[in-house]
Amino acid sequence: MDKQYLLSDQDEAPGCAPSVQQSQVLQGAGMFSTGGVASNQSEAGGATAPPADLMDTVPGYEGMGAGGKDLPPPYHGLPEPQVPTPNQPNRDWQIPSITEEVAQEAFMEYASSKCCYSKKPAKEMYFTDLQSHNTYRYRLETFTESRSTEWTSEPYRGQVVDGYMGVAPGPWDIAVSSPAMFQNNKKEVPIPHTSSVKGCHACLGLGRSACPKCVTSGMMQCWVCRGAGRRVSDDRCSHCNGIGRVRCTSCSGAGSETCKTCQGKGKLLCFIKLIVKWKNNVHESVVDKQSGLPTEHISKVTGEIVFSDMQYLVYPVVGFPDNAINQASARAVREHQVQFSSTCRILQQKQTIELIPVTRVHYSWKGKTHIYFVYGAEHRVFTEGYPAKCCCCLLL
Ligand SMILES: [Zn+2]
Ligand SMILES: [Zn+2]
Ligand SMILES: [Zn+2]
């Protein structure tokens, strides 16, 4: 599960016990897309998975049952990340707070974006203080691959049957090229040497199944007279000639239709398919500088990337000036390692630190002081107490 954490900022609030709370659940970017074998599990047509107990026993895939469970990759010992050569960030991390002009411009825009707010306070105010509360967002992305297997079938049209031609490779022995990194994806491929031909379980090999509308009779109730054979005026129904029943429109009177499972072939090619899923698992932590700006606002803005690192397995960030980030990184890397190394294969990891500018602005209007925040590269504004929320009131 992807999580966002809120870190207490111990530098800014000495004496505060560090507290970690889960504040938000984020979805990994993108959606699954299907490639490889076309999905043939739909209700509308095509084969459905045959009952697993009718299937042959394939060495290495015994007791598969309904399948669909993630299969752990073979254990090769715990993977170890490469310890990086010390690369202490040696730049000046603090970027200056925004200018008064930028702060006022952002405030004016904010006031005009609210339909009823008067622009007067934003126009007439004067600044008393601009405080920089820049903060950081740490993000760890772990791109994983998981595999599961499932019996499936397709109509038999004379395809190669390879069940007894060799030994089926293990689910993790099959080479499947991975798509773009850090993007969710899904692929299905048939596992070699698992296929065999079976009679269709749905139609018992007949290739046709009973018409669900007329239940083999080929006739259905006349919709004009509703089966009475007569109209309201007591005339004979001309649509059904007084019989009350007409030819079934669904099967054209045949009483049966082509079996959807085998598409009329009567036989199915049954095989085990390998389902490969790629997922980007995202962890985010934001350092709460206790500026008064609720941290959930920070997750919605962009910042400046000040550190970026991509490896097969990343090493936790060390020596970053804000220790809360070092701790967040250590914890996130450990958690992802524990969570993913036993159930799936980690393909790549990426970690970034973003600096999010936050300025706390104190201003005075009509003799009273107020506060607002300008945050993010977008210069978004947050304030709880705009002094003139209804422009009509000012006329009084
Ligand atoms: Zn009729
Ligand atoms: Zn019918
Ligand atoms: Zn069938």
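The values are calculated or read from the model by the stated rules, or taken from the named source; none is laboratory data. All values derive from a computational prediction rather than experimental measurement. Note: ideal-geometry Cβ built from the backbone for every residue, glycine included; neighbour counts use all protein chains shown.
Each row is one residue, and each column tells you yes or no for (1) out of contact with any helix residue (DSSP H, G or I) (no Cβ under 6 Å at 6 or more places or on another chain); (2) at pLDDT 90 or above.
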{"position": "Gly264", "(1), (2)": "yes, yes"}
{"position": "Leu269", "(1), (2)": "yes, yes"}
{"position": "Ile272", "(1), (2)": "yes, yes"}
{"position": "Asp288", "(1), (2)": "no, no"}
{"position": "Ser291", "(1), (2)": "yes, no"}
{"position": "Lys300", "(1), (2)": "yes, no"}
{"position": "Pro321", "(1), (2)": "yes, no"}
Completion exercise
Pairs returned, first residue in the range 244-264 that is of a type in the set (D, E, K, R), second residue that is more than 16 Å from ligand 3 (Cβ to nearest atom) and in a strand (DSSP E or B), beta-carbon separation under 6 angstrom, 6 or more apart or interchain, are Arg245/Met219
Exercise for the section: Considering only residues that are at pLDDT 90 or above and surrounded by fewer than 17 Cβ atoms within 10 Å (Cβ to Cβ), look in the range 177-191 and name the one that is nearest to ligand 3 (Cβ to nearest atom). Expected result: Val189
Practice task
Would you please list the contacts, defined by Cβ atoms under 6 Å and residues six or more apart or on different chains, that run from a residue in the range 200-227 that is touching a residue at least 60 places away in the same chain (Cβ under 8 Å) and under 20 Å from Pro155 (Cβ atoms) to a residue that is within 16 Å of ligand 2 (Cβ to nearest atom) and not in a loop (DSSP other than H, G, I, E, B)?
Solution key: Cys203/Ser209
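Kindly provide the set of residues from the range 244-263 that are away from ligand 2 (no atom under 16 Å from the Cβ) and either farther than 22 Å from Glu188 by Cα or in contact with a Phe, Trp or Tyr (Cβ under 8 Å, 6 or more places away or on another chain) (or both), ordered by number. Quick ask: steps written out before the conclusion?
Pass one, the range 244-263, residues away from ligand 2 (no atom under 16 Å from the Cβ): 244, 261-263.
Selection gives Gly244, Cys262.
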Exercise for the section: May I ask you to verify whether Asn241 is within 30 Å of Thr352 (Cβ to Cβ) and either more than 13 Å from ligand 1 (Cβ to nearest atom) or without any contact (Cβ under 8 Å) to a residue 24 or more places away in the chain (or both)? Expected result: no
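Where in the range 239-295 are the strands (runs of 3 or more DSSP E), entirely inside, with at least 1 residues that are away from ligand 3 (no atom under 16 Å from the Cβ) and under 18 Å from Lys213 (Cα atoms)?
Numbers: elements: 245-247, 256-258, 267-288.
Here the list reads 245-247.
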Handout entry: Residue ranges of strands (runs of 3 or more DSSP E) in the range 175-238 with at least 2 members away from ligand 1 (no atom under 16 Å from the Cβ)
Key = 185-190, 196-199, 208-210
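Taking the stated definitions as given, is Arg208 over 38 Å from the mean Cα position of the chain (by Cα), within 30 Å of Glu150 (Cα to Cα) and of a type in the set (D, E, K, R)?
On the way: over 38 Å from the mean Cα position of the chain (by Cα): yes; within 30 Å of Glu150 (Cα to Cα): yes; of a type in the set (D, E, K, R): yes.
Considered against the rule, which asks whether it is over 38 Å from the mean Cα position of the chain (by Cα), within 30 Å of Glu150 (Cα to Cα) and of a type in the set (D, E, K, R), Arg208 comes out as yes.
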Fill in the blank from the handout: Checked against (1) over 23 Å from the mean Cα position of the chain (by Cα); (2) modelled with pLDDT under 90, Ile371 satisfies every condition except (2)
Problem - Unique match (being surrounded by 21 or more Cβ atoms within 10 Å (Cβ to Cβ) and among the basic types (Lys, Arg)) among Lys389, Lys300, Lys289 - result: Lys289
Exercise for the section: Look through the range 214-223, keep the residues that are modelled with pLDDT of 90 or more and surrounded by 12 or more Cβ atoms within 10 Å (Cβ to Cβ), and return whichever of them is farthest from ligand 2 (Cβ to nearest atom). Expected result: Cys222
